[in-house]
Structure formats: C-alpha cells, structure tokens
Amino acid sequence: MIVVFDSGIWISALQFGGTPAAVLERCVSVDRIAYCANIHEEILEAFERKFRVDPQTVEERIQPFLHDALWVEIVGVVTGICRDPHDDFILECALKAGAEFIVTGDHDLLVLSEFRGIPIITARQYLDLPTGPA
C-alpha cells in the first residue's frame, strides 16, 4: 500500500516516538510512503521553530524513512476541499500518489473521513490494519 503521513505524524514520530514512530516504521517495512516537498518543508520549519533543531539534524532523522518513498510534485490542483486550506496539499499528494490511506491526527483532515475514495485515518487505525496477504 502507498500511505501519506501528514507533517504532524512525522513531527510526533521524530520528536516523541510512540504510536507515530510505530506507523512510520511499519510503513517502511510493509508499505510505501508517499512524500512531497510541502510535507518536508512543514517538518523542517516546525522543528526549527518549536524545538530549535537545525535542519541538518532533522534531515538525518528523516532520511532512513525515505529510502523507498514515492516523491510527489504538488502543483496546487486540489484546492478548497479541507476546512484548513493549508492541508489541501496532503490530499493532492495522496491523490497523485495513488495512496490507499492518509494518516493524520489533524482534525481538519479527519473530519473529511475520506477524499476521492482514500480513507483518512488516525495512526492507531493504521496500526490496526492487517498486514500481508488476506
């Protein structure tokens, strides 16, 4: 499966571990991460602003998760869907990647429950999905 994680999942995983870290680790071993420059920029900015972590350190922490990532170019074709317009690029990333899931803790995304057939779920819901052949 191809999965998009919003920046909040990435930030929580890299800074605090726990369930968000478990979802990234699962995805790297079982599924495939879809990623874009917009997610990357949000992660770097948040680490610098909130935690005073320099971009190079953040890059080093992110890279192990991206060795097989599907990189998506965002051009702004998805607009006006999310109640927070800054989250529309997550939807575009998932759509262009052919993602099976969007994983987030962001209520502005979760309230949608799905976007064009792509379920929007929490980290816990992702961990509860079965793995391997049915």
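Numbers at a glance
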item: Residue that is assigned to a strand (DSSP E or B) and in contact (Cβ under 8 Å) with a residue 40 or more places away in the chain, where the choices are Ile33, Ile120, Ile39, Ile102; result: Ile102
item: Among (1) free of Cβ contacts under 8 Å to residues at least 12 places away in the same chain; (2) more than 25 Å from Thr131 (Cβ to Cβ); (3) in contact with a helix residue (DSSP H, G or I) (Cβ under 8 Å, 6 or more places away or on another chain), the one test that Ala13 misses; result: (2)
item: Matching entry among Pro119, Pro85, Pro55 (being surrounded by fewer than 16 Cβ atoms within 10 Å (Cβ to Cβ) and in contact with a Ser or Thr (Cβ under 8 Å, 6 or more places away or on another chain)); result: Pro85
item: Any hit, the range 74-95, residues being basic (Lys, Arg), more than 12 Å from the chain's Cα centre (by Cα) and within 18 Å of Ala34 (Cβ to Cβ); result: no
item: Yes/no for Gly80 being touching a Phe, Trp or Tyr at 6+ places or on another chain (Cβ under 9 Å), exposed (fewer than 12 other Cβ atoms within 10 Å of the Cβ) and not in a strand (DSSP E or B); result: no
item: Only one of Ala97, Ala46, Ala69, Ala34 that is closer than 16 Å to Tyr126 by Cα and either in contact with a Leu (Cβ under 8 Å, 6 or more places away or on another chain) or aliphatic (A, V, I, L, M) (or both); result: Ala34
item: Extreme residue, farthest from the chain's Cα centre (by Cα), among residues of the range 35-52 that are surrounded by fewer than 16 Cβ atoms within 10 Å (Cβ to Cβ) and farther than 21 Å from Leu109 by Cα; result: Arg52
item: Top-ranked residue in the range 1-34 [being touching a Ser or Thr at 6+ places or on another chain (Cβ under 8 Å) and among the charged types (D, E, K, R); ranked as surrounded by the most Cβ atoms within 10 Å (Cβ to Cβ)]; result: Asp6
item: Selection count where residues are part of a loop (DSSP other than H, G, I, E, B), surrounded by 17 or more Cβ atoms within 10 Å (Cβ to Cβ) and either more than 14 Å from the chain's Cα centre (by Cα) or at positive phi (or both), scope the range 105-116; result: 1
item: Members of the range 105-114 found to be in contact with a strand residue (DSSP E or B) (Cβ under 6 Å, 6 or more places away or on another chain) and touching a residue at least 60 places away in the same chain (Cβ under 8 Å), listed by number; result: Leu109
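Computed from the coordinates by the stated procedures, all read-outs in this text should not be read as laboratory data. What you see is a predicted model; the values in this text were computed from it and never measured. In this analysis, Cβ positions are derived from the backbone assuming ideal geometry, glycine residues included, and neighbour counts consider all displayed protein chains.
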